[in-house]
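S.K.: First, the structure itself, so that you have it in front of you.
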Amino acid sequence: MIRVLIAIAVLFAAVLALDWLGGVPLAVTVAWPGGEIAPSARVVVVALVLFALAAVLAWAILSGVLRSPKIVGDYFRARRRDRGYAALSRGMIAVGAGDARLAHRYAGEARKLLGGREPLVHLLDAQAAQIEGADDRARAAFNRMLDNPETALLGLRGLYIEASRAGEADAARHYAAEAMKVAPGIPWAGQATIEFQSAEEDWEGALATLEQSASSRLVDKREARRQRAVLLTARALQCEDSEPEKARTNALEAHRLAPELVPAAVAAGRLLSRFGDLRKASKVLEAAWKQSPHPDIAEVYAHVRPGDAPRDRLKRAKSLAALRPNSIEGLVAVARQAIDAHEWAEARDALTRALRLAPTRRVCLMLAELEEAEHGDRGRMREWLSRAVTAAPDATWIADGVASDEWAPVSPVTGRLDAYEWKVPATRGDGTSLDGADLADRAMLPLEPPRAAMPPLEDADDRADPPSGSGMGPSSGPGSGTGDGGGLGKGPRPGNGTGGGSAIGKPADVAADDTPRPGAMPPGAPAPLPAAAATAAAATVPATAALAAPAPMTAAMAAPGPARPEPAARPQATTQASRPAPRPAQSAVLTASADLPTQRRPDDPGPLAADDDFTPARSAPAYS
């Protein structure tokens, strides 16, 4: 709209100018052979303008004809260049997508269309070789970049990355140093130089390089303070034994730059305590504890005055823990000093509170130590040790996935400065976790009273007699005893009872005071078999008697054998119905066919004599 208004304004100005020229008293005469003309000024001006336009148009046409070959060449070159940049763009996209085949194809196309004049062609060729895994081609492409001053830094950067990947530390350091010479203000070269100097423990050189980077504003001010504190702490730890005064100065400066840096505060507190400045050491450690509680700070703070008694160290640990209430590190520090001071109640109270906060492995191990030291209870000690196996791990120093008990200024994997962090390592758990509140309640349980000793188990031959009843044992030998029916006697052979139960009795030829009666068989000698019983048994079970009956008894066999000492009777409250009857020995089973009683079961296939008295027993003993 503005352009239209401007055009209308110009047109009006031209009209006014022509109108003004019409009133100007100007006479122009044009003469030629054969006549003349005297046009007005207005006509003369218009004619001059038209002539100028015609001359410009004619010159444009003539110059176009003369420059047409060049114009055609520029057109085709521009078209080729556009195709090359399009291939270069598609190749960069393929590199970003990780498509090595397309990247290699477009890199070749861009090299063909653009040639070696375009630096991005070398970059695309190098990156395509990198994703293909062709390290030699990638290094060759980066080396070609060194010939061009515009791409020299790009080539050094690529060669540095390739050397770092291959683990060639010397080559990587060389390329970083060359980059520092070409461009001292490049950030990655300065950081790489600092890391290489730190890996070689060249703390002075690393500090100088850091100062140069900070002065060039290549590093953030806060990051530069942190890195300087780390380098000063490393230098203090290096010269702590050889140059303690220099180490103290470096540690204090590091603590001033980064109060949250635990190793700097620990080193400063330890060195100040070594020089006798206990108050300043305590202030440094307390300031670091308020920022980040740490077990190393608690340990140095408890031993800040050498030679203190365990109870004095316990008081100091309590004062430090009060600066950060409800901190597990404070509770663990108090428990540690309480165990050393044999203050078992305070140690147990601190550890139970720590369990409620975080039931970690360290707390369980300290409870196991407490149980053994206080009570000598190895059972409860093993219980806490088993819980420590499945408990959550404690925080530790971790750098690039590597856990360490001690802090270090550089990572052991990548060599990165200030890589260690105090955190809990990641674990692949099984989904189980300990209940801190329940464990705390268990830790406060008193010891169980000692259990009474269990009575020794009794053999079948040593069981006591039942309290009531009378009968004879299930054998052919006579016996007497107490019980609800026939039972197993203590004599040389069990007697044949008439009741339904069984009882433990004594043979009939033994008196109440366990002395043999006159004319009785000695203990251990086999009793003579009655003739009637032997005849009835042989007639009733001929097959069994033929297979299982022993040889005929001779005088030698009937002779009295050595007497077996009679076991002392023990009181037994268990009735015969609540325990099974003792089974006879194998030798008794083999000879029982001659000692079987005359009673038989109704389903017994053996013949019954006419004069047999069939009286079924209540509970005949079973033999096998």
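S.K.: Counting only heavy atoms of protein chains, what accessible area per residue, in Å², does the range 221-371 have with a probe of 1.4 Å? Before the final figure, lay out the partial values.
M.R.: Numbers: 6760 Å² over 151 residues.
Spelled out: the 1.4 Å probe surface of the range 221-371, per residue, equals 45 Å².
S.K.: Modelling each spin label as a point 7 Å along the Cα-to-Cβ direction, I'd like the R105/V389 distance in nm, to one decimal.
M.R.: Distance between the two pseudo-spin positions: 5.9 nm.
S.K.: While we're on this one: In the structure shown, do any of K221/K280; K246/K315; K246/K318; K280/K423; K280/K315 have a Cα-Cα gap over 26 Å, and if so which?
M.R.: Where the Cα-Cα span goes over 26 Å, the pairs concerned are K221/K280; K246/K315; K246/K318; K280/K423.
S.K.: I've got another one for you. With the full set of protein chains in place, find how many percent of the accessible area of the range 55-119 is carbon and sulfur; take the probe as 1.4 Å.
M.R.: Details: 2870 of 4670 Å².
Within the range 55-119, the accessible surface is 62 percent carbon and sulfur.
S.K.: Take the Cβ-Cβ distance between I93 and R117 as r, set R0 to 25 Å, and report the resulting FRET efficiency rounded to the nearest 0.05.
M.R.: For I93 and R117, the calculated efficiency is 0.70.
S.K.: What does the net charge come to around V332 if you take all other residues with beta carbon closer than 11 Å to its beta carbon, with K and R at +1 and D and E at -1?
M.R.: Here the charged neighbours net out to 0.
S.K.: Work out how much length R361 to E286 would gain on full extension: take 0.36 nm times their residue separation and subtract the Cα-Cα distance, in nm to one decimal.
M.R.: Here the answer is 24.4 nm.
S.K.: Points 7 angstrom from Cα along the Cβ direction at E406 and R217: gap in nanometres?
M.R.: Simple spin-label model gives 4.2 nm for this pair.
S.K.: Once R0 is set to 56 Å, what does the formula 1/(1 + (r/R0)^6) return for the Cβ-Cβ distance between L62 and R225, expressed as a FRET efficiency to the nearest 0.05?
M.R.: Values: r = 72 Å, r/R0 = 1.29.
After rounding to 0.05, the efficiency reads 0.20.
S.K.: All other residues with a Cβ under 15 Å from the Cβ of A163 taken together, and with Lys, Arg as +1 and Asp, Glu as -1, what is their net charge? Mind dumping the intermediate values first?
M.R.: Working: positive: R139, R157, R165, R173; negative: D135, D136, E162, E168, D170, E178, E195.
Computed value for this residue: -3.
S.K.: Suppose each label sits 7 Å from its Cα in the direction of the beta carbon; what would the D19-E150 distance come out to in nanometres?
M.R.: Label at D19, label at E150, 5.9 nm between them.
S.K.: Once neighbouring chains are kept in place and the probe is 1.4 Å, which whole percent of the accessible area of the range 123-184 is contributed by carbon and sulfur?
M.R.: 50 percent
S.K.: Decide, for the range 68-180, between rounded, prolate and oblate: order the square roots of the alpha carbon gyration tensor eigenvalues as a ≥ b ≥ c, take rounded if a/c falls under 1.5, and otherwise choose prolate if a/b is larger than b/c, else oblate. Walk me through the numbers before you get to the answer.
M.R.: Numbers: a/c = 3.62, a/b = 1.78, b/c = 2.04.
Since a/c reaches 1.5 but b/c is at least a/b, the shape of the range 68-180 is classed as oblate.
S.K.: Let me ask something additional. Under 27 Å Cα-Cα from K70, which lysines qualify once same-chain neighbours fewer than 8 residues away are excluded?
M.R.: Candidates past the 8-residue exclusion: K112.
S.K.: Now for a different question. What number comes out for the charge environment of A399, summing +1 per Lys or Arg and -1 per Asp or Glu over other residues with Cβ under 10 Å away?
M.R.: Neighbour charge sum, excluding A399 itself: -2.
S.K.: Once neighbouring chains are kept in place and the probe is 1.4 Å, which whole percent of the accessible area of the range 219-373 is contributed by carbon and sulfur?
M.R.: Solvent-exposed carbon and sulfur of the range 219-373 make up 48 percent of the total.
S.K.: What full-extension length gain, to one decimal in nm, is calculated for D135 and R80 as 0.36 nm per residue of separation minus the Cα-Cα distance?
M.R.: My answer for the length gained is 16.7 nm.
S.K.: Rounded, prolate or oblate: which one fits the range 285-370, using the alpha carbon gyration tensor with axes a ≥ b ≥ c (rounded when a/c is under 1.5, else prolate when a/b beats b/c, else oblate)?
M.R.: Details: a/c = 1.90, a/b = 1.14, b/c = 1.66.
It comes out oblate by the Cα gyration axes.
S.K.: Using a probe radius of 1.4 Å on heavy atoms only, what accessible surface per residue do you get for the range 386-428? Whole Å² is fine. Intermediate results must be reported in sequence, preceding the final value.
M.R.: Details: 2490 Å² over 43 residues.
Solvent-accessible surface per residue comes out at 58 Å².
S.K.: Quick check for you: with a 1.4 Å probe and neighbouring chains kept, what is the accessible area per residue of the range 128-201, in Å²?
M.R.: Details: 3730 Å² over 74 residues.
Using a 1.4 Å probe on heavy atoms only, each residue of the range 128-201 averages 50 Å².
The values are calculated or read from the model by the stated rules, or taken from the named source; none is laboratory data. Source: prediction; values computed, not measured. Counting neighbours? That spans all protein chains shown, and the Cβs are built from the backbone with ideal geometry, glycine included. Protein only, heavy atoms only, side chains kept; ligands, DNA and RNA dropped before computing areas. Shrake-Rupley method; radii C 1.70, N 1.55, O 1.52, S 1.80 Å.
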